Amino acid sequence: MSKPKILIARAVFPEVIARLEQHFEVESNQLDETWSKAELIKRLHGKAGAFTTGGDRIDAEVLAACPELKICANMAVGYNNFDIDAMTAAGVLATNAPDVLTETTADFGFALLMATARRITESEHYLRAGKWKKWSYDMFAGSDIHGATLGIFGMGRIGQGIAKRGAHGFGMKVIYHNRSRLDADLEAECKASYVGKEELLKTADHLVLVLPYSPASHHAIGAAELALMKPTATLVNIARGGIVDDAALAAALRNRTIAAAGLDVFEGEPSVHPDLLSVPNVVLTPHIASATIPTRMAMASLAADNLIQFFSQGKPLTPLNPEVLATR
Ligand code: GLV
């Protein structure tokens, strides 16, 4: 029997490709070319499965052009690159890669928070530029992490990981806002108290964004929200570009409406709003929160397992629209 055909849309670990080749006829983008939508459609045409990453948009147009497609496995926990409703309507399964990146991403969120509050990259640029001539009492004075109030917007698994690091490791008071409140025992584990969005913005010394992107969370942090924050506050976004209005944030950083920001995700990335590039009080990283080799390997392996399990057992491990299975 011939093997099902799949497309691997971006470069990935050769070991993962070799494993997929045992089960599938594989076309892969191992040169990591940037494909236009037309090119993606051309490559995906005739394929039964796709191994995708967060930049590969699967929408109604792609689905209509690729009627043989049965499943798209995302090597990411976020899946705003998928039009889930269109996929469900077309009978195409979607899977993501949850859990395997939780602790690594929470570590990074905390690292970005520390780098931002303690002005680590800004001071390093100063040193490298040869500007450090003498010590002074307030040179690169930042704000404390320990004992401060940590606000978390979006209290899923990664938010909870950040809460635990803050509460247990740094003696922080943790407050959070989420679509739904956590169970009492989870709140106790995270030592976190539920507050409304306005109180979160007004009270947090450090605010970390970990909510999923959706039309409802588009620009959840804009000029009005930034104006509610403390002028000494720091803002960290490890969630998705588009949750923060980047132009409004750059203005707030320039005007010192807030003290500093740490951003791993951007509207329209890999482009970065030019105003963010020119303000000093922001730490910028290129969407690397889950980037350790073991975690990226675990994410890639889970995406591969989703494809293998679906074609061999009829059910992937982490489906996002399992209702599609009932219609098969
Ligand atoms: C990374 O941003 C992910 O969603 O896994």
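The values are calculated or read from the model by the stated rules, or taken from the named source; none is laboratory data. The structure displayed is predicted, hence computed values, not measured ones. Positions of Cβ are generated from backbone atoms using ideal geometry, with glycine treated the same way; all protein chains shown enter the neighbour counts. Ligands, DNA and RNA are stripped out before the accessible areas are found, and what is left, the full protein with its side chains, is counted by its heavy atoms. Shrake-Rupley method; radii C 1.70, N 1.55, O 1.52, S 1.80 Å.
Before moving on, here are some points about what is shown:
- Verdict on Leu226 being within 16 Å of the ligand (Cβ to nearest atom) and over 16 Å from the mean Cα position of the chain (by Cα): no
- When the strands (runs of 3 or more DSSP E) confined to region 156-222 are screened for residues that are of a type in the set (Val, Ile, Thr), those reaching at least 1 such residues are found at 173-177, 206-209.
- Listing of helices (runs of 4 or more DSSP H) fully contained in region 266-328 that carry 3 or more residues being free of Cβ contacts under 8 Å to residues at least 60 places away in the same chain and either open to solvent by 60 Å² or more (accessible area, probe 1.4 Å) or more than 12 Å from the ligand (Cβ to nearest atom) (or both): 274-278, 293-313
- First in region 76-93 and within 22 Å of Leu211 (Cα to Cα), second anywhere and more than 16 Å from the ligand (Cβ to nearest atom), Cβ under 6 Å, 6 or more apart: Asp83/Asp59; Ile84/Asn321
- Qualifying residue in region 251-262 (condition: out of contact with any strand residue (DSSP E or B) (no Cβ under 8 Å at 6 or more places or on another chain), part of a helix (DSSP H, G or I), among the charged types (D, E, K, R) and closer than 20 Å to Met155 by Cβ): no
- Scanning region 241-260 for residues that are away from the ligand (no atom under 16 Å from the Cβ), within 18 Å of the chain's Cα centre (by Cα) and either among the polar types (S, T, N, Q) or open to solvent by 10 Å² or more (accessible area, probe 1.4 Å) (or both) turns up at least one hit.
- Residue check for Ile84: of a type in the set (A, V, I, L, M, F, W, C) and over 30 Å from Leu325 (Cα atoms): no
- Scanning region 171-181 for residues that are out of contact with any helix residue (DSSP H, G or I) (no Cβ under 7 Å at 6 or more places or on another chain) and crowded, with 17+ Cβ neighbours inside 10 Å returns Lys173, Asn178.
- Among the residues of region 75-98, not a single one is more than 16 Å from the ligand (Cβ to nearest atom), closer than 21 Å to Met297 by Cα and surrounded by 19 or more Cβ atoms within 10 Å (Cβ to Cβ).
- Test for Gly46: is it in a loop (DSSP other than H, G, I, E, B) and open to solvent by less than 50 Å² (accessible area, probe 1.4 Å): yes
- Options Glu15, Glu21, Glu39: the member that is under 29 Å from Arg157 (Cα atoms), part of a helix (DSSP H, G or I) and either small (Gly, Ala, Ser) or modelled with pLDDT of 95 or more (or both): Glu15
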